Amino acid sequence: MLDVPLLIGGQSCPARDGRTFERRNPVTGEVVSRVAAATLEDADAAVAAAHAAFPAWAA
């Protein structure tokens, strides 16, 4: 099974509250991955990291 973290500011990290959700194969029902379930705080951190990185990407 594949564990999928968040990627914020170039760093892999779990959701702040540790929650995840499972993705399942629709045919077999087997769990194929466990994905970090981002919180609003995680989303804010991702936006802040993108905002901070933008000048370097825009140059």
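Bear in mind that the values in this text are calculations on the coordinates, not laboratory data. Everything numeric here is computed off the predicted structure, so don't read it as measured data. Positions of Cβ are generated from backbone atoms using ideal geometry, with glycine treated the same way; all protein chains shown enter the neighbour counts.
Values computed for the structure shown
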{"quantity": "For the chain, with +1 on Lys and Arg beta carbons and -1 on Asp and Glu, the positive-most of A53, L7, L40 along the dipole", "calculated": "L7"}
{"quantity": "³J(HN,Hα), Karplus 6.51/-1.76/1.60, whole Hz, each residue of the range 33-42, x for Gly, Pro", "calculated": "7, 10, 10, 5, 9, 4, 9, 4, 5, 4"}
{"quantity": "Point-charge dipole on Cβ atoms (K/R +1, D/E -1) for the range 2-53, about Cα centre, debye to 20", "calculated": "120"}
{"quantity": "Net lengthening on full extension, F54/L7 (0.36 nm per residue, minus Cα-Cα)", "calculated": "15.3 nm"}
{"quantity": "222 nm mean residue ellipticity, helices alone, for the chain (DSSP H n ≥ 4; -39,500 (n - 2.57); rounded to 500)", "calculated": "-11000 deg cm²/dmol"}
{"quantity": "Translational D in µm²/s for the chain (Stokes-Einstein at 37 °C, 0.692 mPa s, Kirkwood Rh from C-alpha pairs)", "calculated": "255"}
{"quantity": "Projected label distance in nm at R34 and V47, using a 7 Å step from Cα toward the beta-carbon", "calculated": "3.0"}
{"quantity": "GluC sites (Glu not before Pro) lying in DSSP loop within the chain, provided at most 16 other Cβ fall within 10 Å", "calculated": "E30"}
{"quantity": "Of all DSSP beta bridges in the chain, antiparallel share, percent nearest 5", "calculated": "75"}
